[in-house]
1. I'd like to know if the range 56-63 contains one or more residues that are aromatic (Phe, Trp, Tyr) and open to solvent by less than 30 Å² (accessible area, probe 1.4 Å).
2. In the range 99-129, which residues are more than 15 Å from residue 55 (Cβ to Cβ) and either open to solvent by less than 30 Å² (accessible area, probe 1.4 Å) or assigned to a helix (DSSP H, G or I) (or both)?
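The values are calculated or read from the model by the stated rules, or taken from the named source; none is laboratory data. Quantities reported herein were computed from a predicted structural model and do not represent experimental measurements. Cβ placement follows ideal geometry from the backbone for every residue including glycine, while neighbour counts extend to all protein chains displayed. For the accessible areas, the whole protein counts, side chains as well, though only heavy atoms, and no ligand, DNA or RNA atoms are used. Shrake-Rupley method; radii C 1.70, N 1.55, O 1.52, S 1.80 Å.
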Amino acid sequence: MRTCIIFLLALLLASATGCHVNRARPVKDTEAVTTTPVEEVTITGSYSIAEDGTVDYAPRPRPDGDLLGRTTTEAISLEYIDTWIRSTTSRAGGSIARITSITGPYREDPDDPEDPLLYDITIETWAGR
């Protein structure tokens, strides 16, 4: 009888310490944001850059739509600003880019007139209604 009880306890212990198998599937990364064609992006805002490179300010109302987010870039040259604004807005799924801040122009080396003019820009990405 004693041997039978020991055997049953050993069997119970063996079954209680069984291995656990995780049958959950790994989560696939999905991107919930849709992309808007770059040519459909409208750029608006209170700030702009004049022909001579200076920053102009003219207050404008916010767009009619839903705010998707805010993005900032630093030390971008004038020739890349439009492309950056359009691609950033497009990747976020927005159709309107509102420029909320432009700081500049400045040069990395102020004593070198050959250095390009650089700007720090903040935009809001909006989805129109």
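1. Of the residues in the range 56-63, the ones aromatic (Phe, Trp, Tyr) are 57.
Next, from what is left, pick out any that are open to solvent by less than 30 Å² (accessible area, probe 1.4 Å): none.
Checked the range 56-63: no residue is aromatic (Phe, Trp, Tyr) and open to solvent by less than 30 Å² (accessible area, probe 1.4 Å).
2. 124, 125, 126, 127
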